[in-house]
Structure formats: structure tokens, C-alpha cells
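Everything below concerns the one structure shown next.
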Amino acid sequence: MEYAFIIIIILYALNQSADLALEVTNYIHLKRYGAEIPAAFEASIDPELFSRSRRYNMAKSRFTFFSGFYNQVIILIFIFGLVDPYNELIESLPLHPIARGVVFFLLLIYAKAILNFPFNLYRLFVLERRFGFSTITFKVWFSDQLKSFVVSTIIIGAALSGMFWLVSYEYTKEIWWLPVWAVFFLFTVFIVYISPNVLQPLFNKFVPLEDRDLNKRIKALLEKCGVKVRGVYTMDASKRTLRSNAYFTGIGAGRRIVLFDTLINKLSKDELLAVLAHEAAHAARGHVAKNLVLLGVLSLFGTWIAFIVLSGNYLADVFKLTHSNFHVQLILLSFVSSILCCGLPLLMNAVSRHFERQADRFVVKVMGNGKALASALVKLSTENLSNVNPQRTYAFFNNAHPPAVSRVRKLRHYYK
């Protein structure tokens, strides 16, 4: 077992070192080449704004490096120093075993949130505000935190209770991996498709789009795309940020389009329609559903492996726990699997980039050319101070979208 423990430590060190090295590589790339305006952006970007974008992305990279390092130190301290006494403390509570499992995880979630408060406050009230993005007040932020605390406690508590019950129930404990997977897959579907309509209104206001002409043109475009929606809404995103976005939410005919109020003021109507056509492409091509199927297959396999591993006391023996139970082994398994499954984000990002390229080609097909979407991407990239041309290796491992420079070039010259 000592060899297994040493291997876990080595793999963890290599994994985290690679992540930090990629962040440093991207930072050096920004420092050396970040001031060079790409040819695709030269005619439509202010050099001062581009310079500001470089400063912002360098500051964000530094923040990501130190916050990531901080979180990894916390994880190491807990896994290799505190997990055993913490488990013993929870085991000493006069609670039902299912309740102890729920408390075990909820307290960890709360502790992580508290330990990350300084970084979250710095990001919102210092970093984002310094570069003109964050508009959130402390009152709104505190209200968001309180609502998130209540909602997450209810949802996560219910999900954990259901899982622990299935694991211990007489008729499912021998095959718990299958019903647990089914419940959590349905939970994922709820989060993706339904919760934006159920939970998002707790944080933002949604009102029907007032511009009748734009509304009419949007519906005509969606009809051409073969996508039905219940309505087009604007969201008061400016209460928290000046960033812009648009998205689809819901299922089938109940889908609706949500536009950030910040987006409407930044783009022309043609550009806005092109952005919506791109989002409609994801719906028309079933990209969200395909991602869910892929995630479902991978999670089914992962749950089955978890069932095999957690059927014994392997992890408890490897980490030399005083007392073994399901929830402590589950937290150790999540730590080990984060190391062994480090390639999964790479796969999901590659699939996502493929879908983004498909959506861009769909826009060209529907609208006749990609000029409007290219123009919108340039505007949004510059206004949002995006890293339009990240270091290639970093982008390959971390980015779910192709670089903006590549997308703009293909929209203007290659996609037909």
C-alpha cells in the first residue's frame, strides 16, 4: 500500500505542476507577444484598448496561478493531514449514518467557500472593478451568497441523502452504482435544461424584449434555423457586470432566448442576429444533448469503477485511516480520480471546440456569410478584454472555444 501512496503523491505533483506550468507559459506569452494586434483585429480595435486587454489578462493569469496554488495547498493539507481526524469528528456525532454523510460533505463545501472568500472578494471588487467589469455592490453580492447558500444546501443535501440511501438500502446496495448514476444524470439534466428557468430568476430579472422589430427579426431567423422558442428575454446582467452574453435555455418548445442587457447596446442588429444564429446552431445541432450523452456514458463508467473501488477498504488502507466509512472513502476517491482522469477536461474541451466550429459554419450557411459574426466576435472580444490569441499549448489544454483570431479569420475567408 505504501507504493500506491507514493505513486498517488507523484502523479498529483506532476499533474499540478503541469497545470501551473501551462499558466506560467501563457503569462510569458502574453508578456512577450500580447501587445501585438493580430491582423484580423487591426482595422477594428483601439491600440489602447488592446493594451488594456493584455494588462487584464496578465493580471487574471497571476490571480489564477496564486488562487490555484492556494487551493491545492488547502487540498493537500486536508487529504494528507486532516481527513482522518475530521472523519473521526463526524463519526462521533449522534446522527443517522446518512445524516453524517451529508454533514461530512456540506461542512467541507462551506469550509471551502469560506477559505476562498478573500479571493472571490478580490476578484469581484478589485480585479474586475479595476478593469471596468464588475458593477456589483456589496449588498447584491451578499444577497447572492445568501441565496446560493440556501439553494445549494437544499439541492446538494437532497442529492447526497438520496445517494447514501441508495447505497445502504437493502434492495439497491448490491447494485447502487446504477441507480446512483441514474439519479445524478437526471440531476445534471435538471441543472442544464430546467434550473436556469427555475433558479436563475432568484438572482436576475427577465423581461420580454421590448424592441418589436428586433424581436420579429429574431423569430424569423430562428424559424430559418429550425429552432422554436417560447420568447426572447433580456436579463439585468448590468447589475453585476458589464460583460456581454446571450444563451438558450429550456427544452423543446419551452426554450427561450436570454440576452444580457449589456449585449444589446454593444452590437448592431445584424451582429446580434449573427450571435443568436450561433447559439441557435447549438440547439439545432443538438450539441447540449450530445454533450450530455457523452457525459452520461463517461459518468456511468466512472460510477461503476467507483462501486468496485468502494466495495473494499482499498483507499482507507492506502491513506491509513483510523475508521473507514463510505463518505470518507468517497472523498478520497474524488481526490484520486481527479489525478487519474486529468485527461477528461482535454477531451471535453476538444469536443466543445469542434461544436463551436460547427456553429460558426452554421451561421455562414444561414446568413450567407460570416462577416456579421466576425464583426461581433471582434467587438465582444475587445470589449470583454478577452485573450484573443492565447499560447497554443495552453489553449489546447484549457480553452473550450477556438481562439478568437482563428474564428474571425475562418468566418471572413474560409467558411462558405
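A short reminder: the numbers here are calculations on the coordinates, not readings from a lab. Here the structure is a predicted model, which means the values were calculated and not measured. As a convention, Cβ positions derive from the backbone with ideal geometry for all residues, glycine included, and neighbour counts pool all protein chains shown.
Tabulated values for the structure
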item	result
Leading residue at positive end of dipole, segment 208-283 (Cβ point charges), from Ala220, Leu263, Ser244	Ala220
Size of charge dipole - segment 120-187 - debye, nearest 20, with Cβ of Lys, Arg +1 and Asp, Glu -1, no other charges	460
Mean Cα-pair separation over length for the chain, i.e. relative contact order, pairs under 8 Å, 6 or more apart, %	21
Lys/Arg +1, Asp/Glu -1 at C-beta; segment 113-250 dipole; positive extreme among Ile114, Leu127, Phe142	Leu127
Farthest positive-ward along the chain dipole, Cα basis, beta-carbon charges - from Leu411, Ser161, Gly286	Leu411
Gyration tensor (alpha-carbon) shape descriptor, segment 345-391, a/c threshold 1.5	oblate
Cα-projected label distance for Val351 with Lys216, points at 7 Å along beta-carbon direction, nm	4.2
Which of Ile257, Ile8 has the fewest Cβ neighbours within 10 Å, and the rest in rising order	Ile8, Ile257
Relative contact order (percent, whole number), segment 262-367, Cα cutoff 8 Å, 6+ residue spacing	47
Antiparallel %, DSSP beta bridges [both residues in segment 206-272], to 5	60
Point-to-point label distance, Ser148-Leu89, nm (Cα→Cβ direction, 7 Å offset)	2.3
Neighbourhood charge, 13 Å Cβ-Cβ cut-off, centred on Asn197 and excluding it, Lys, Arg +1 and Asp, Glu -1	+3
Residues Tyr86, Tyr247 arranged by fewest to most Cβ contacts within 10 Å	Tyr247, Tyr86
Cα gyration tensor shape of segment 128-251, rounded if a/c is under 1.5, else prolate or oblate by comparing a/b with b/c	oblate
Whole-Å distance, taken between Cα centres, linking segment 30-99 and segment 301-362	20
Taking Trp176, Trp181 and counting other C-beta atoms within 10 Å, the order from fewest to most	Trp181, Trp176
DSSP-defined antiparallel bridges as percent of all bridges, the chain, nearest 5	60
27 Å Cα-Cα threshold exceeded, pairs from Lys269/Lys290; Lys266/Lys365; Lys239/Lys410; Lys31/Lys379	Lys269/Lys290; Lys239/Lys410
Computed Kirkwood radius, in angstrom, where 1/r is averaged over Cα pairs of the chain	24.1
Taking segment 129-252 and dividing mean pair separation by its residue count, relative contact order in percent (alpha carbons under 8 Å, at least six apart)	38
Estimated dipole of the chain in Debye, rounded to 20 [Cβ of Lys and Arg +1, of Asp and Glu -1, Cα centre]	1840
Segment 185-290: C-alpha gyration tensor shape, a/c 1.5 cut-off, then a/b vs b/c	oblate
Cα-centre dipole for segment 106-261 with unit charges at Cβ (Lys and Arg positive, Asp and Glu negative), debye to 20	540
Extension gain (nm, one decimal) between Phe65 and Leu186, 0.36 nm per residue minus Cα-Cα	40.1 nm
